[in-house]
Structures are given as C-alpha cells and as structure tokens.
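Have a look at the structure below before the remarks.
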Amino acid sequence: MSDNEKEENIKKSADPASLEVLDLAEEDEDLQSAWSRYDDMQPQCQFGEDGVCCRICNMGPCRIIPGKSDTGVCGATADTIAARNLVRMIAAGAAAHSDHGRDVVHTLTEAIEGEDPDYEVKDYDKLKKLARDFGVNEGNGKKDRLAKEVADESLAEFGRQEGDITLTERAPDERYKLWKEEGLLPRGIDREVVETMHRTHMGVDTDYRHVLKQGLRCALSDGWGGTMIATDVQDVLFGTPEPLQARVNLGVLEEDAVNLIVHGHEPALSEVFVEAARDPELLEFAREKGAESINVAGICCTANEILMRHGIPVAGNFLQQELAIMTGMVELMMVDVQCIMPALSDTAKNFHTDLISTSPKAKFPGVEHKEFSEKNALETAKEIVKKGIDNFDNRNPEKQTLPDQKEDLIGGFTSESVFDFLGGTYRSTYRPLNDAIIDGRLLGAAGVVGCNNPDTCHDYNHTEMAKELIKNDVLVVSTGCSAIADGKAGLMKPEVAFDLAGEGLEEICRAVGIPPVLHLGSCVDNSRILTLLSNMVAEGGLGDDISDLPVAGAAPEWMSEKAVSIGFYFVASGVYTLLNKPFPVTGSEKVMDYLTDDIEDLVGGKFAFEEDPKKAAHMMIDHIETKREELGLKSAMYAKTS
Ligand code: BF8
Ligand code: SF4
C-alpha cells in the first residue's frame, strides 16, 4: 500500500488498531469494508439526504425539486415529506429498543414460571425498586410473586391503550406536568409506534409540526418506556452492574486462545454464552484442539452489556465488526439483532470464521442459523461454543493480523453506582455531584453517545469531543459505540484525568477514583442517563426540571434509527442535543428551524448540528454556561480552555 493510500486511511479511523487491519485489508482485492462500500456509494442521493423523497404510496415515488415539482403528486410539501420520513425513523428506532425490552420481560416471566431454567432474579433490590415504581405491593410475599407482578406490569406498558406509561413518573414533576399539558405523555409503546405509522400513511397527518410532535411522543415511549424497561429488567435478571476493570480493542483477541465474539444487542444469550465458555469439558476440548483457553469478546452493545456485568473484553465498536473477522483470529462470531452488517457473511467467507445467527427475528443470507430459545439457553450456548472450538485448527497463519492495541478501562457505572462513589458508602446521594456543579468545580455534565459512521473519521468525533469537554470540567457519561471509542482512547482510566481533565474535574476524579468519562453501558442504557438527570433535579439546587440543568447531550457519529429516537427522547426530556450531521430533513427549512429553534419553546430542549467535534463541544459548553447563568450559579471555579 502506498504512503498516499495510508494517508487516506488515516482519515477513515482515529483508532490505530482499526487502521492496521484496514491497511492490510485494502491490499486484498477480495475484501470490502463499510469504508470501501461507502466510497463506492458516492455520490449519495441528494433527495434522500435532504429527506424530500417520498415513496409511501404508489402515485410516487415523488421528489421535491423547487420550482419544478414543489409538491408530491398528492400535494404533500417538502415539510410534510421530510417530517413524515423523520418520524418514521423514530418509530423504527423506538420499535427496535422496545422489542428488545419486551423480550427481556418475556425472559423474566418464563424464568419465574420455571420455563427458563438458566435464568433467575439476580438483583432482588432492583426488583423491589421496580415494584415500588409500578405500584406493586411488596407485601411479605415471595420473590417470584413479586417478579411475576413486575413482569406483568412491564408487559402491560407495551399495550396500554389509554393513560400514560408508568415510568414517565420517574421524571421531575415539572417535566411530567409539561408533557401532560402539551399532550406529549406517551400511552402504550406499541400504540405510539402504530399511531406514528398510521399518521404518516398517505393522506393522514400532514401538518409538519403536528407530525413531529407525534415523533416526540413516540420517542418518549421509547426512552421512558421500552428502553427503560430493557435496562431495568436486565438489571433484575442479570444483575445491576458495579464498577469493574476490563480491556478494549482488537488486541483483546488472543493468539493462543479460541476467540469467540458475541455481537448484537440482546444479552439473554450472551450472558449464558459467557457461562458456557467456562465449562470445564469445553475448556478441555479447547486444549485438545491446541488452544490454551477460550476467550469471549464482544462487539457493539452486546459487548457493553457483558462488559458492564462481567468485565468481558470488548473487541470493538460498530465499524470494527468486519475488522475483527479480518484479523483472521476469530473462530466464531455469534450475532443476534441490530447493527449487524449483512456484509459479515461475505467477509467471513474469506476467513475461517464461523458466523452464526441466533435470533428468531434475524436471518442473514448464507449464514448458519442456530435459533436461540431461553428454554434451552445454556445447551444452545454450549453447542455454539463447541462449534467455535472445533474451528480453532482451521486458522490460517498467512491470514492473521493481530493488532497489539488494547486499553484498560473502568466500566460498569450506573445511575446508582456512580453516586454511591461520589456520595460515600452510607447512602446513595447526588449531593456531592450537585454541590460540585453549584460551587463551580464542575461546569456541568454531558452525555456523549451513539454510533460510528463511515461518513466521519471513525471514533474521532467521540474522543475529541469527550477530551474537549473534560478539559473544561464537564463530567462525561457515555454509552454505546461512543463509550467503546472513549475506552479505546484511554479516557476511561481514572489517571487520565491528571493529564486531560480540567482542574475541578481532576480534583473529583482524584478524590473518588473515577475516570472523567464514565461508561454507563449499552444504547438501551441511555435510560440510565434519563434517571441520572431526574435524580440530579430531585437532589435539589439545580432547578426544577431537566431543562434547567447545566447539561448537554451529543451523538457525534450517529447512524441508526435508534439514534434518532434517542435524540428525540432527550430533546423531549429537555436536553440540548448535538449531532454532527443533520437529520435527513435539510430539504425543509421549516422542519430544520423547528428542530433547532421552535421546539425549545415546546419542550425546553432542542437540536444543534456541527461536524467539528471541538466546536460542537464548545457549543455544548456555551449551553451549559447559559444554564448556569439562568440558575444564578457562580462562574466556574477554573478558567475555560478553548
Ligand atoms: O445500539 S451505538 S452503532 S451498536 S445503534 Fe448500533 Fe449505534 Fe453502536 Fe448499539 Ni446503539
Ligand atoms: Fe407522492 Fe404523496 Fe404518495 Fe408521497 S404520499 S409518494 S408525496 S403522492
């Protein structure tokens, strides 16, 4: 590969391990990657990018060309078309998270009824807390009775026809009141998704503001509904994470071990997969095959789930899924749902890797399917592990590339555990966090979350934004692929605060031993951030609503429809939310204005778009400072750095 080509690759990823594999991959003309396919896709369709292409009925497809075809055949304007397309993205994102949540509730139900022998309630305290939130009387009954009632209540949230979903009551009173007054309180999750699809059918809801308002309500049913249920019930079933140490990046793959990768989102199978990989008989089988051990590592949010609860190493984030296979070191990759590139099938054919799909909801052409059922989870997991071990001696030494890079991190923070730390061991309290913000030691807090996208240098926006924020005494919490990016960049080690954090944040990290960037989990764990924000308001001294808090959110490399739903539920909860690239609605000035301006009058949060991560961080910092001023807080204790 020429120096020029290497130079070009540097623009593709900020992660040296990824570049090492990418450089080699580009020398092999049989190999493609998301980056090469992205290049092949240029120029991308401008109508699609602007959101002014409509194909929801067969009079179309219609596309808006100002001065030529200003409306679709039915008369729909660019505003209507862009708004409809966008809220359909929200509905799909909300559906993905919430269907995940529903499956977890099913697992809980079956576990209690004895149908899923491999699962049990691991966190009884969390169960009791959830029971209180659902108004289930704890009584002095048995754990199983309580779990059954909580599971029934959780399931009812999906289909509730009238009245709002229960967990919205976790929001501050002011926020709940606002949602109620504005007609934004979400009813059952399924109902909001279905109604969004109905309203965006040909010839139904065409006032763009009205359409977008339904988008906000639908997103709220995700954030405070399906997503929150997913997190909480996973904690009940698999245990609430506690801070722990782990490692991240492709270098976690091991030369002498059978490397098995779990990729996707739902932890039900990966939890038992981890257990299966520790089975003495399977370890013995691995040794017979010439391996020293069995190494399970994760990709994407499944990785975050088992990292948070077991310290299982993370091989990489979204754009590293193909690269992991290209190392030639992976015996087997097991996938379930969401963010799985169909291209994996072709990539795997070039290597010895066995690719196995497991979800009844997702099959991939050319990929072996081994359907997972909670009823025989451990058995299925063992079969898959065995298959991976059996593949160990098929490794081709000529096709191996093992980057060294692996970084230590502390993960496993939750809205509960962070502040057990900050608040001392006696009771969980947000007082020290709020006080640190009030006295100006901390400027505020930011959630930086979301995907990778080959349209942006991989990991660069996440890590540069996080660095700029911590330098200015903004505590960063992170989830999803953003958290993996920060972990790889070493930002989740407590000692990094000494070099990179501002003085105030450094003092806090030093005193309590936390990193300046906190790993809060997977994408459904964005609900932990909603809880955290509500708890900050409840602790007092920082206003009465989430929109009063000196905080901001960002998804600086966003890609998926889930990210659209997440962005909307944060804005609908009152959070200023920054994305690198706008939603595909730029063909409608009115929709753009609504999202970046008018929406603030409705919900107190709004969107902003900026591609440069440093500039974007400063927009977030400016917003945080405005909120500080509005609250009458002292100026920051330490000077701002630009
Ligand atoms: O749910 S951050 S690329 S892996 S969508 Fe996907 Fe985006 Fe990663 Fe997790 Ni979330
Ligand atoms: Fe065209 Fe209207 Fe049909 Fe959309 S709904 S495809 S704009 S005719």
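The values are calculated or read from the model by the stated rules, or taken from the named source; none is laboratory data. Not measured: the values here are computed from a predicted model. So basically every Cβ, Gly included, is an ideal-geometry build from the backbone, and we count neighbours across all protein chains shown.
Could you tell me whether Lys590 is surrounded by fewer than 24 Cβ atoms within 10 Å (Cβ to Cβ) and touching a helix residue (DSSP H, G or I) at 6+ places or on another chain (Cβ under 6 Å)? Yes. The set of residues in region 40-54 that are surrounded by fewer than 19 Cβ atoms within 10 Å (Cβ to Cβ), out of contact with any strand residue (DSSP E or B) (no Cβ under 6 Å at 6 or more places or on another chain) and assigned to a helix (DSSP H, G or I) comprises Asp40, Gln46, Gly48, Glu49. When the test is whether a residue is surrounded by fewer than 24 Cβ atoms within 10 Å (Cβ to Cβ) and over 19 Å from the mean Cα position of the chain (by Cα), Val236 does not pass it.
Restricting Ala572, Ala563 to those that are of a type outside the set (S, T, N, Q), more than 16 Å from ligand 1 (Cβ to nearest atom), outside the structural domain of Asn85 (by TED's automatic domain parsing) and farther than 22 Å from Glu468 by Cα reduces the list to Ala572. Out of Arg84, Arg55, Arg132, one residue alone is of a type in the set (Lys, Arg) and away from ligand 2 (no atom under 16 Å from the Cβ). It is Arg132. Scanning region 1-39 for residues being assigned to a helix (DSSP H, G or I) and over 29 Å from the mean Cα position of the chain (by Cα) gives a total of 6. Of everything listed in (1) of a type in the set (Gly, Ala, Ser); (2) out of contact with any Phe, Trp or Tyr (no Cβ under 7 Å at 6 or more places or on another chain); (3) surrounded by 20 or more Cβ atoms within 10 Å (Cβ to Cβ); (4) farther than 27 Å from Ala483 by Cα, the single unmet condition for Gly67 is (3). Just one of the listed residues (Pro550, Pro494) is surrounded by fewer than 24 Cβ atoms within 10 Å (Cβ to Cβ), outside the structural domain of Trp224 (by TED's automatic domain parsing) and touching a Gly at 6+ places or on another chain (Cβ under 8 Å), and it is Pro494.
Leu469 passes every criterion in (1) closer than 27 Å to Gly251 by Cβ; (2) free of Cβ contacts under 8 Å to residues at least 60 places away in the same chain apart from (2). Cβ-Cβ distances below 6 Å connect the following pairs, each with a first residue in region 71-88 that is in a loop (DSSP other than H, G, I, E, B), a second residue that is surrounded by 24 or more Cβ atoms within 10 Å (Cβ to Cβ), and a separation of six or more residues or different chains: Gly72/Cys54. Selection over region 567-582 of residues that are out of contact with any strand residue (DSSP E or B) (no Cβ under 7 Å at 6 or more places or on another chain) and not in a loop (DSSP other than H, G, I, E, B) gives a count of 3.
Evaluation of Ser18 against the conditions (1) closer than 25 Å to Gly450 by Cα; (2) among the polar types (S, T, N, Q); (3) within 16 Å of ligand 2 (Cβ to nearest atom) shows that the sole unmet condition is (3). Can you tell me which residues in region 108-155 are small (Gly, Ala, Ser) and under 16 Å from Arg170 (Cα atoms)? Answer for region 108-155, where residues must be small (Gly, Ala, Ser) and under 16 Å from Arg170 (Cα atoms): Ala131, Gly135, Ser154. Per the conditions (1) over 24 Å from Glu182 (Cα atoms); (2) surrounded by fewer than 22 Cβ atoms within 10 Å (Cβ to Cβ); (3) of a type outside the set (Val, Ile, Thr); (4) modelled with pLDDT of 95 or more, the sole criterion not satisfied by Ser560 is (2).
Against the definition (away from ligand 2 (no atom under 16 Å from the Cβ), part of a helix (DSSP H, G or I) and polar (S, T, N, Q)), how does Gln320 come out, yes or no? Yes.
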